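The values are calculated or read from the model by the stated rules, or taken from the named source; none is laboratory data. The model shown is predicted, which means the values in this text are computed figures rather than measured ones. Note that each Cβ is placed from the backbone with ideal geometry, even for glycine, and that neighbours are counted across all protein chains shown.
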Amino acid sequence: MSHGEADQVRRWRELLTSERDAAALYSRLAGIESGERRRIFEELAAIERRHAGHWEDKLRGAGADIPPAGGPSLRTRLLSLTARRTSTAAVLPLIERGERADAGIYDAEPDAAPGMAAEERSHARTLSRLSDGSRPAPRQQIARGEPWHRTDRSGSLRAAVFGVSDGLVSNAALVMGFAGSGSSRTTIVLAGIAGLLAGAFSMAAGEYVSMSSQREMYQREISLEAQEVAEKPEEERAELVLLYRAKGLDRAAAEQLADHIMADPEVALDTLAREELGLDPDELGSPWSAAISSLLAFAAGAVVVVVPYLFAGGTVALYVAIGFVALALFAVGAGIGVLNGRSFLRSGLRQLIAGGLAAAVVFGVGHLIGTTVS
């Protein structure tokens, strides 16, 4: 046997061991559960056993020894013991994490059977739906019933919040540094405006590139899903059936719903994007909206420290600027606290202390440099 053939056989044996262990885990979970959830785990175990049989056939065809089926791994024993002592819901997130890590194991495997890669990818999604099924209510229902639950799918609010905070802290520190050095009023104003413009356009460009990349990634995932709907409709239907069964529907209802969805390719793609990918095709985020929000927010924060120097100079402008910045820092922190359901006082003071320390340090450095140079 050549070196390449030996590596191939070793890889097949490793995959066989992995599939056997996964089958053992799902079989043990099925023994703990009942009803539809038990049947789902049994089906997952059957899929893993079929995958294991494929690798046994490969080894047999190559004239290689098939390793005997040993006991389950330590991980499988611990997970099944935990599930038995508590519940399967307690271990599902750990199992799902492992399935997601191994989801692409057969994507580039030349010896995998057709459909194996898609089945492995669907396991993590099925486990996710089983986990969701143990929660009190789906996220969408909560959002409809409780309007204070908000999401920011466009990224505009997130960009605006960080923009104001960054503009305040960075430009206040910059201006305080020049003020501490004893620079003239004109120099301080120019430095403040330069910092405002540079920071605002830098934030806007960064948000645009970031959101564009994210949107392109989401669009690629949706296009790949569209390709699978067109080329492998039966596999996608089977995934939908399993997903809806994991949500609590019986087999007949899940199959009926999946058939209704798959009858219209556009509806099928929209549903699969939401159910499998967790994406809303209509809300993938707007690069321009995020960029403009960042620019305006940063500018709004950065201009606060500059305003007093537009009308006065010296110690008066410095004290007024410090007061304006302190009030703005506390207001932004308090606003973030209210949005997050936290104490506005605590959040405001935290923002004030953090921004104030940054400005004070740069003021001290500027004063030290100004004194040394002069």
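Between residues in segment 189-202 that are free of Cβ contacts under 8 Å to residues at least 60 places away in the same chain and residues that are surrounded by 15 or more Cβ atoms within 10 Å (Cβ to Cβ), which pairs lie under 7 Å by C-beta distance while being six or more apart or on different chains?
ALA191/LEU174; ALA191/VAL175; ALA191/PHE178
Considering ASP152, ASP102, ASP107, which residue is touching a helix residue (DSSP H, G or I) at 6+ places or on another chain (Cβ under 8 Å) and at pLDDT below 50? Explain how you work it out, then say what you get.
On the way: ASP102 fails: at pLDDT below 50; ASP107 fails: at pLDDT below 50.
Among ASP152, ASP102, ASP107, only ASP152 is touching a helix residue (DSSP H, G or I) at 6+ places or on another chain (Cβ under 8 Å) and at pLDDT below 50.
Against the conditions (1) crowded, with 16+ Cβ neighbours inside 10 Å; (2) in a helix (DSSP H, G or I), where does LEU78 fall short? Just the number, please.
Failing condition for LEU78: (1).
Looking at VAL325, is it modelled with pLDDT of 90 or more, of a type in the set (Val, Ile, Thr) and closer than 14 Å to ASN171 by Cα?
Details: modelled with pLDDT of 90 or more: yes; of a type in the set (Val, Ile, Thr): yes; closer than 14 Å to ASN171 by Cα: yes.
It is true that VAL325 is modelled with pLDDT of 90 or more, of a type in the set (Val, Ile, Thr) and closer than 14 Å to ASN171 by Cα.
Has segment 47-69 got at least one residue that is modelled with pLDDT of 90 or more, assigned to a loop (DSSP other than H, G, I, E, B) and surrounded by 15 or more Cβ atoms within 10 Å (Cβ to Cβ)?
yes
In segment 253-263, is there at least one residue being in contact (Cβ under 8 Å) with a residue 40 or more places away in the chain, touching a helix residue (DSSP H, G or I) at 6+ places or on another chain (Cβ under 8 Å), over 30 Å from SER212 (Cβ atoms) and outside the structural domain of PRO114 (by TED's automatic domain parsing)? Write out each step before concluding.
Pass one, segment 253-263, residues in contact (Cβ under 8 Å) with a residue 40 or more places away in the chain: none.
Looking for residues that are in contact (Cβ under 8 Å) with a residue 40 or more places away in the chain, touching a helix residue (DSSP H, G or I) at 6+ places or on another chain (Cβ under 8 Å), over 30 Å from SER212 (Cβ atoms) and outside the structural domain of PRO114 (by TED's automatic domain parsing), one finds none in segment 253-263, hence no.
Taking segment 42-86, which residues are touching a residue at least 40 places away in the same chain (Cβ under 8 Å) and in contact with a Phe, Trp or Tyr (Cβ under 7 Å, 6 or more places away or on another chain)?
Matches in segment 42-86: LEU44, TRP55, LYS58, LEU59.
Is it the case that segment 192-205 has a residue that's modelled with pLDDT under 90 and buried (at least 20 other Cβ atoms within 10 Å of the Cβ)?
yes
Starting from residues that are over 27 Å from ILE261 (Cβ atoms) and small (Gly, Ala, Ser), keep the ones in segment 206-237 and report whichever is surrounded by the fewest Cβ atoms within 10 Å (Cβ to Cβ).
Among those that are over 27 Å from ILE261 (Cβ atoms) and small (Gly, Ala, Ser), it is SER213.
Would you check which residues across segment 88-127 are touching a residue at least 12 places away in the same chain (Cβ under 8 Å) and under 13 Å from LEU29 (Cα atoms) and list them?
Selection gives THR88, ALA89, VAL91, LEU92, ILE95, LEU127.
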